[in-house]
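What follows is a short report on a single structure.
The values are calculated or read from the model by the stated rules, or taken from the named source; none is laboratory data. Since this is a predicted model, take the numbers as computed values, not measurements. With ideal geometry, Cβ positions are generated from the backbone for all residues, glycine too; neighbour counts draw on all protein chains shown.
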Amino acid sequence: MRLFSWRFIRVWQRNRDVFLRLWRPEAPGFFAEPILILLAMGTGLGAYVGLVNGQKYIEFIAPGIIASYAMFSASFECTYGSFVRMEYQRTYDAIISTPLSVEDVVAGEIFWGATRSLMTGTAILIVASAFQLIHSPWAVLILPLAFLEGLMFGSIAMLFTAVVPSIYTFNYFFTIFVTPMFYFSGVFFPLTSFPELVQRLSWIAPLTPLVYLTRALVSGQFYPGLIGAFFLVLGLTAVFFLAALPAMSRRLLK
Amino acid sequence: MAIVKTEGLTKKYRDLVAVDHVNLEIEEGECFGLLGPNGAGKTTLIRMLIAASPPTEGHVWILGKDLQKHAREIKAVIGVVPQMDNLDPDLSVLQNLLAFARYFDIPRKEAHRRSLEVLTLFELQNRMSSQIRELSGGMRRRLLLARGLLNQPKVIVLDEPSIGLDPQARYLVWQKLTELKSQGVTRLLCTQNMDEAALLCDRVAIMHLGKILNIDTPQKLVERYGDSGVVEIEVDPASRAGLIRQLKERGYEYTEIANHVHVFTADSDAALQGLVTSPLRLRRRQATLEDIFFRLTGRSLLE
């Protein structure tokens, strides 16, 4: 199997240039929306919710919102964003006629997706800090974690993009995979409040370990289970990244 | 030594042989035309030559190197002007070129210099900061050509470069492509425009159903297959069948185009007049590459 080269950075740079030109219409989706949810749910619903350990509800959900919107950022970028570039704009065809390979393009797209996750995570973290919801200096590690999370969800999305017949198929990806994770991965409620079957499904959802890791970094309270969660994320990232490379090659080099 | 060489180059899809054992040798500095009707396999062949499609069988060597093994190195010295517009609509005209130069690792300053140079070459220097969607079809095509020259290629592959251009722009493009000859750039030109092929190409290959039927200079092809000239006969629908039958019986080579039958013959007009009872309108003229194209690839649509 062919891997990617350092030239992937050229694709990342191309996406950065486009972002710097066109970020304004995208800002509400990835910066305003999570902050609205955090404040609405945190203060509105939070008034009715008493947590066992006496923690404020808004503090409970803040790390989950960071992890979820980091997931959304990379997932949208590497599905709809990538598909439009690949299929409608034929940007990939143009790039692979230069010294770049398909693998470079895929890696560039995934690293760009991860960069979007990092940007989103950073924005929410700053707002959460302003509302004094962050209590541990460990929280700064949320930034590299959000980047890793972006690599993982970007790779999963890219693999899906490599095989979908049309852009409408992404509805399945979001309805069946991404959106349920938002509600069932321990962002808004502890997993123990779900029936046992849902709990089991939640534990295999890739967002769950990230919610728990982010929450631990916010609170500064660590426990051994987090090591497993971290290696699970690393493992999933490697598997999906390496699967996306040949899948996209098969699609483009016909 | 041939700068582009293929041996037994073949591409098979599930139930279709798109390119069938093609052997080509394109010499350095020449303009090589690839002619053929839609579906002949031209674009598939070109995609294999630019490493965008792995061959089912056969080999490609460019500058003496195996394309499969040295794709990156070879792609660095090839320019590609695709048939389908793949300019980057998210970037401005100048940014398109700068981003493209970056894929080739051209340093920023040099990228700027070359971008201005190619924009001026195709008379687009006033549109540098335009959005791609603000450009007319002809400007986009010129920008694609400009982009194809950014890496100062040794070989440039052009898939229908003048399609959709008005006559003024077409002559500009033809002139630029001719000028590339003096810089020693090898051009592979895929076209359906016979005037373009006759004017620009040193040699042309006629492709049909995945195979190369003939390779020669446009002039020699015309001499070989149409030296006797062409007689255009205008027929009305009623007498058409009778004329065709007569032509077949007497062994004439002909092609049917709209309400005309073109006959390849040196026979006198009088001999042809005798073919049918109704009076015929005849016009004798020199054969062109287009006649040869029809003669070799047939008249009917492939697709």
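In the range A:98-119, the qualifying residues are those that are surrounded by 24 or more Cβ atoms within 10 Å (Cβ to Cβ) and of a type in the set (S, T, N, Q), and the one that is nearest to B:PRO54 (Cα to Cα) is A:SER101. One residue stands out among those in the range A:235-254 that are surrounded by 19 or more Cβ atoms within 10 Å (Cβ to Cβ) and not aliphatic (A, V, I, L, M): the one that is modelled with the lowest pLDDT, which is A:SER249. Applying the condition of being surrounded by 14 or more Cβ atoms within 10 Å (Cβ to Cβ) and over 21 Å from the mean Cα position of the chain (by Cα) to the range A:4-16 and asking which residue is farthest from the other protein chains (Cβ to nearest Cβ) yields A:PHE4. Looking at B:THR10, B:THR56, just one residue is within 14 Å of another protein chain (Cβ to nearest Cβ), in contact with a strand residue (DSSP E or B) (Cβ under 9 Å, 6 or more places away or on another chain), of a type in the set (Ser, Thr, Tyr) and more than 20 Å from B:THR191 (Cα to Cα), and that residue is B:THR56. Taking the range B:59-83 as the range and being at the interface with another protein chain (Cβ under 9 Å from one of its Cβ atoms), farther than 15 Å from B:MET48 by Cβ and of a type in the set (A, V, I, L, M, F, W, C) as the test, only B:ALA76 passes.
Rundown of residues vs (1) within 14 Å of chain B (Cβ to nearest Cβ); (2) in contact with a Gly (Cβ under 6 Å, 6 or more places away or on another chain); (3) more than 30 Å from B:ARG102 (Cα to Cα); (4) part of a helix (DSSP H, G or I), yes/no style:
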| residue | (1), (2), (3), (4) |
| --- | --- |
| A:ALA32 | no, no, yes, yes |
| A:THR43 | no, no, yes, yes |
| A:ALA47 | no, no, yes, yes |
| A:VAL52 | no, no, yes, no |
| A:ILE58 | no, yes, yes, yes |
| A:ALA70 | no, yes, no, yes |
| A:VAL105 | yes, no, no, yes |
| A:GLY121 | no, no, no, yes |
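Among the residues of the range A:80-100, those identified as of a type outside the set (Val, Ile, Thr) and either outside any loop (DSSP other than H, G, I, E, B) or more than 7 Å from every other protein chain (Cβ to nearest Cβ) (or both) are A:TYR80, A:GLY81, A:SER82, A:PHE83, A:ARG85, A:MET86, A:GLU87, A:TYR88, A:TYR92, A:ASP93, A:ALA94.
Quick one: B:SER129 ticks every box in (1) buried (at least 21 other Cβ atoms within 10 Å of the Cβ); (2) touching a strand residue (DSSP E or B) at 6+ places or on another chain (Cβ under 7 Å) except a single one, so which number is it? Failing condition for B:SER129: (1).
Tell me, yes or no, whether the range A:41-49 has at least one residue that is farther than 30 Å from A:LEU245 by Cβ and within 20 Å of the chain's Cα centre (by Cα). Looking through the range A:41-49, none of the residues is farther than 30 Å from A:LEU245 by Cβ and within 20 Å of the chain's Cα centre (by Cα).
What residue, of B:LEU98, B:LEU121, B:LEU87, is of a type outside the set (Lys, Arg) and touching a Ser or Thr at 6+ places or on another chain (Cβ under 8 Å)? Only one candidate passes the filter, namely B:LEU98.
Yes or no, residue by residue, for (1) part of a helix (DSSP H, G or I); (2) over 27 Å from B:LYS109 (Cα atoms); (3) among the aromatic types (Phe, Trp, Tyr); (4) in the same structural domain as B:LEU119 (by TED's automatic domain parsing):
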site: B:MET139; (1), (2), (3), (4): yes, no, no, yes
site: B:ALA146; (1), (2), (3), (4): yes, no, no, yes
site: B:ILE156; (1), (2), (3), (4): no, no, no, yes
site: B:ILE163; (1), (2), (3), (4): no, yes, no, yes
site: B:TRP174; (1), (2), (3), (4): yes, yes, yes, yes
site: B:LEU177; (1), (2), (3), (4): yes, no, no, yes
site: B:GLY184; (1), (2), (3), (4): no, no, no, yes
site: B:ARG187; (1), (2), (3), (4): no, yes, no, yes
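For the range B:44-73, residues that are of a type in the set (A, V, I, L, M, F, W, C) and free of Cβ contacts under 8 Å to residues at least 12 places away in the same chain total 1. Candidates B:ARG47, B:ARG113, B:ARG102: the one that is part of a helix (DSSP H, G or I), within 12 Å of chain A (Cβ to nearest Cβ), farther than 30 Å from B:ILE292 by Cα and not polar (S, T, N, Q) is B:ARG102.
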